[in-house]
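Report on the structure given below.
The values are calculated or read from the model by the stated rules, or taken from the named source; none is laboratory data. Note that this is a predicted model, so its numbers are computed, not measured. In this analysis, Cβ positions are derived from the backbone assuming ideal geometry, glycine residues included, and neighbour counts consider all displayed protein chains. To get the accessible areas, we keep the full protein, side chains included, count just its heavy atoms, and leave off ligands, DNA and RNA. Shrake-Rupley method; radii C 1.70, N 1.55, O 1.52, S 1.80 Å.
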Amino acid sequence: MAKAFKNGARGITGSLAGPERKLLRELFGDVITVLEERAQIHELPEDLDPLYALTGMRPESANLPEPSDAAVKRLLPDASDDKDVADEFRRLTEADLITEKISLLRRAQLLLETEKLVLSVSEAQGFARALNDVRLVLAERLNIQSEADSERISQLVDAAKVTTSEEYLGLVYNLVSWVQDTLMQALMSAER
């Protein structure tokens, strides 16, 4: 059974049971897969100007399409309501953002190798960001668009009463939200 994260003399500590750690590792892996699929469009052709190949930047003529998966769009949102600005920002930054997110998710997976987690502030911040990415994907899959949607999902607390895959996903969302909430409270306590 999960125990809330706390800030203490040894750092930010919490514990998760084996099944909870396994579930979180799988969720982190699922988000990595979704991001890796998006990263494939960033592969540059071999005949590209060597300067672009060296920097990893795309030429202006090679704008990226918006993500077709709504969950990826939540992970990599437009930076502006102005389409031209959003496209330019995506072209210049998206590949690096994907790399950073995947790196945080992989580190979070590694932190889950033991039941008791003892995290530095930096590790806790990275873990919280990885949890947030999982929550964004789950929220999109659950179609959480409003406070009422969020309230409906938060009412799912009894696994014995779950009868649909959406309800199960809601329970998972609630677990991830609780873990992230206790982690953020411990982080705020550490920063005082």
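Test of understanding: among Lys101, Lys161, Lys116, which residue is basic (Lys, Arg), loosely packed, with under 14 Cβ neighbours inside 10 Å and at pLDDT 90 or above?
None of the other options fit; the residue is Lys116.
Looking at Ser61, Ser80, can you tell me which residue is among the hydroxyl-bearing types (Ser, Thr, Tyr) and at pLDDT 90 or above?
Ser80
Name the helices (runs of 4 or more DSSP H) wholly inside the stretch 99-192 in which the number of residues that are more than 24 Å from Ser15 (Cβ to Cβ) and in contact (Cβ under 8 Å) with a residue 40 or more places away in the chain is 2 or more.
121-141
Just to be sure, is Val85 open to solvent by 50 Å² or more (accessible area, probe 1.4 Å), assigned to a helix (DSSP H, G or I) and of a type in the set (A, V, I, L, M, F, W, C)?
The answer is yes for Val85.
Given (1) open to solvent by 20 Å² or more (accessible area, probe 1.4 Å); (2) at pLDDT 95 or above, where does Val179 come up short, assuming only one miss?
Going through the list (1) open to solvent by 20 Å² or more (accessible area, probe 1.4 Å); (2) at pLDDT 95 or above, Val179 breaks only (1).
Among the residues that make up the stretch 9-27, is at least one of them exposed (fewer than 14 other Cβ atoms within 10 Å of the Cβ), over 30 Å from Ala186 (Cβ atoms) and modelled with pLDDT of 90 or more?
Within the stretch 9-27, not a single residue is exposed (fewer than 14 other Cβ atoms within 10 Å of the Cβ), over 30 Å from Ala186 (Cβ atoms) and modelled with pLDDT of 90 or more.
Could you tell me which numbered condition Leu51 fails, if it satisfies all but one of (1) at pLDDT below 90; (2) outside any helix (DSSP H, G or I); (3) loosely packed, with under 12 Cβ neighbours inside 10 Å?
Every listed condition holds for Leu51 apart from (2).
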